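Read the structure below first, then the notes.
The values are calculated or read from the model by the stated rules, or taken from the named source; none is laboratory data. Worth saying up front: this structure is predicted, and the values here are computed from it rather than measured. For neighbour counting, all protein chains shown are included, and Cβ atoms are generated from backbone atoms with ideal geometry for every residue, glycine included.
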């Protein structure tokens, strides 16, 4: 899961890409990153670092830089850079964090708190002061250029650039999910059929349950990681990740199959009921819809929420909604 490296009295956790622990400790950031991968954005190579924002003197606040690098020559409580490096030549009495950059601690500088690096590295000169024995360094090594570009140009996430490679990625996504849908439908036909029935009989209830679960997961996992014991917090995060993965897999297939059946009836009539054609139609419809500029985040959110609702109502049978109506 992670590797603990001794560095004097300092605790250092080197976390590789795809590590589960960091995905939960940085849940919101990780979700944004995977959404970028999902829509096939092309992140160009990072440009040479421009002149950083320089902080001089003594300040009792946290210094931050958005879309650029940050250089601390004086004394600050904390330092954060989004889309750039944090260069420490003075004193940081608290934590240092960067997304899409590196933390560089120069000779004669001091960092008293934790260091968190997402997409870069932590570089400390030999002459830099020792860290607090209770401090922790967390590094997520990978995708630095993509994260730097995302932090500097966040508006580009809403409007994909149409190109041959982008269209190729979408075609591959259609083929991938079509094959996955065929495999799951063949392996678990009963589960998929019951999910389609729940979706058709009570879409509103499924959506409400999914929305509530998304809110609970979004707030509960960071809370557990921060305030609960480490082992319990990680266990809660792993359980939430497992739920999201299962819901995202089976939920997508159910949504694709239900949509495909509806499109098949509308386009070809009731006589044509090929399961393969329905899955291909549903998969193509949702992949194309999730590729449209500006509305794709809403589409992804709808699919995720509905998938969570389907996963959490899986114990109910097909007649669930009908029994509820009969009681009323």
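The listed residues are 199, 249, and the only one of them that is within 22 Å of residue 300 (Cα to Cα), touching a residue at least 40 places away in the same chain (Cβ under 8 Å) and within 17 Å of the chain's Cα centre (by Cα) turns out to be 249.
Conditions (1) part of a loop (DSSP other than H, G, I, E, B); (2) under 23 Å from residue 226 (Cβ atoms); (3) under 18 Å from the mean Cα position of the chain (by Cα), marked per residue:
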residue	(1), (2), (3)
65	no, no, no
87	no, no, no
94	yes, yes, no
113	yes, yes, no
128	yes, no, no
146	no, no, yes
150	no, no, yes
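Screening residue 61 on (1) surrounded by fewer than 17 Cβ atoms within 10 Å (Cβ to Cβ); (2) modelled with pLDDT under 85 shows it passes everything except condition (2).
Would you confirm, using the coordinates I've provided, whether residue 208 is in contact (Cβ under 8 Å) with a residue 24 or more places away in the chain and assigned to a helix (DSSP H, G or I)? Yes; evaluated as a whole, the condition is true for this residue.
Output the residues belonging to region 69-85 that are farther than 16 Å from residue 108 by Cβ, assigned to a loop (DSSP other than H, G, I, E, B) and free of Cβ contacts under 8 Å to residues at least 40 places away in the same chain. Hits for region 69-85 are 69, 77, 85.
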